1. Which members of segment 255-283 meet the condition of being in a helix (DSSP H, G or I), under 23 Å from SER240 (Cβ atoms) and not basic (Lys, Arg)?
2. Out of (1) of a type outside the set (Ser, Thr, Tyr); (2) surrounded by 18 or more Cβ atoms within 10 Å (Cβ to Cβ); (3) over 28 Å from the mean Cα position of the chain (by Cα), what's the single condition that is false for ARG271?
3. Please go through segment 221-231 and pick out each residue that is in a strand (DSSP E or B) and open to solvent by less than 10 Å² (accessible area, probe 1.4 Å).
4. Pull up segment 21-52, narrow it to residues that are in a loop (DSSP other than H, G, I, E, B) and touching a strand residue (DSSP E or B) at 6+ places or on another chain (Cβ under 7 Å), then point me to the one that is nearest to SER106 (Cα to Cα).
5. Hey, could you check segment 289-315 for residues that are surrounded by 15 or more Cβ atoms within 10 Å (Cβ to Cβ) and without any contact (Cβ under 8 Å) to a residue 40 or more places away in the chain and say which is farthest from the chain's Cα centre (by Cα)?
6. Quick check on this structure: which one of TYR172, TYR130, TYR204 is open to solvent by less than 60 Å² (accessible area, probe 1.4 Å), at negative phi and hydroxyl-bearing (Ser, Thr, Tyr)?
7. Please go through segment 106-126 and pick out each residue that is more than 27 Å from ASP49 (Cβ to Cβ) and open to solvent by 20 Å² or more (accessible area, probe 1.4 Å).
Amino acid sequence: MERLIPEKETLEIEFKSDIKRLSDTDLIDAIVAFANTNGGDLYLGVEDDGMPTGLHKEHRDILQLAAFIANRTIPPVSVRVETMNVDANIDVLMIHVPKSRSIVASSSGKIQRRRLKPDGSPENIPMYPYEINTRLSELSMLDFSAQPVPGAQYSDLDPVERARLRNMIQTYHGEATLLELPDDELDKALQFVVTADEKLIPTYTGMLLLGKKEKLKEHVPTAESAYQMLKGTDLQANESFHLPLLAAIEKISDFVEARNSEKEMEMGMMRISIPDFDKRAVREAIINAYAHRDYTRLGRVLVQIDADGLCISNPGGFIE
C-alpha cells in the first residue's frame, strides 16, 4: 500500500497533532512560517513521528478552515486543503501553503519563518527586522543597494576610488559618455547617491564602491574581505580587510595571481604555459562573489587557496 504521508518532517513538511485540537495560534504560526520560507505541506492530525492519529471534529470542515486561515493572515494566504483517509477510522488534512511573494504576518502581527535545526529537523522561529530586508531582496521586492546609508555624507566618498572607477571605464571600454560627466553627475547616473533635503546622500552601492576605508567600515561593517593560503593545516597567508569593492577586487586578484603557478606543455614545436587557475575564470568568480553577496548578513568574501585548489565563498547568493 502506497504511503500517503511523508516519512519525516523537512523544511517543506510539518506534522501537527490534532488529538486535543491544535490551537489557532499554533496553526496560523505554522502557515505564516511556511509562506515566509519555501511554502510546503502541513499535515494536520499526524504526530511528530509520522503516526496518523486523526482530526479533531472542529477541523473537519475544510472550506471553513481555509477561510479561517485567510482571515487570520496578512496578506491573506490562500491554502489548498485536502482530506486524506489513511485508515477506516482516521482522516488527516494536508494543507498546502504556497510560498508568498511578500512578507506574511498573522493578524496579531507575528512574523515567523522556518529553518532546519542542527539535527535536520525543522522549526518555526521569529523573523527579525534585519531579516526582512534579506527576504524582500530574495523576492526581488527591495533593492538594498539603492537605499541611502543612514548617517552617511557625500564627503564619505573617496575621490581616489572615483578616479579608479573612471580609469576602469576607460580601460575596459565602458560607456564613454560617463567619463564626460562631472563627479556629482557621474554619481547620480550610477545611483551612487540620492538627493534628500537638497543634499547628496550615498547609497549602499556608492558606499561599497567609492566609500573611504574608515567610513566603509563604520557604515557597512559587513563589507569585509579576506584571503587565506593553507599548506596542509598551516596558514601561509591570512589577511582580512575593509576596502571599497574595486580596491578589494584588485587586491584579491593580485593575491591569487601571485600564487597562480604555471606549467609548460609541449604542443608540436611550441611550448605553452598552463596556469593552475584560468585568469578570466578567477576574475569572473571574484566579481560574482562581491556582486551577489548579501550585505545585510554578517560574514565576508573569502578567497582560499589550499591543496585542493581555489575556493571563493560569500554570505548570501543569487536572488531568484
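1. PHE255, VAL256, GLU257, ALA258, VAL282
2. It fails just one condition, (2).
3. SER225, ALA226 - these are the residues of segment 221-231 that are in a strand (DSSP E or B) and open to solvent by less than 10 Å² (accessible area, probe 1.4 Å).
4. Here the residue is ASN36.
5. ILE312
6. Result: TYR204 is the single residue among TYR172, TYR130, TYR204 that is open to solvent by less than 60 Å² (accessible area, probe 1.4 Å), at negative phi and hydroxyl-bearing (Ser, Thr, Tyr).
7. Matches in segment 106-126: SER107, SER108, GLY109, LYS110, ILE111.
Table: residues versus (1) in contact with a Lys or Arg (Cβ under 6 Å, 6 or more places away or on another chain); (2) over 28 Å from ARG135 (Cβ atoms); (3) surrounded by 14 or more Cβ atoms within 10 Å (Cβ to Cβ).
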| site | (1), (2), (3) |
| --- | --- |
| ILE5 | no, yes, yes |
| GLU9 | no, no, yes |
| PHE15 | no, no, yes |
| PHE34 | no, no, yes |
| ASP41 | no, no, yes |
| GLU47 | no, yes, yes |
| LEU63 | no, yes, no |
| ILE74 | no, no, yes |
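The values are calculated or read from the model by the stated rules, or taken from the named source; none is laboratory data. Predicted model, so just to flag it, every value in this text is computed and none were measured. Positions of Cβ are backbone-derived with ideal geometry, glycine not excepted, and every protein chain shown enters the neighbour counts. We work out accessible area using only protein heavy atoms, side chains counted, and drop any ligands, DNA or RNA first. Shrake-Rupley method; radii C 1.70, N 1.55, O 1.52, S 1.80 Å.
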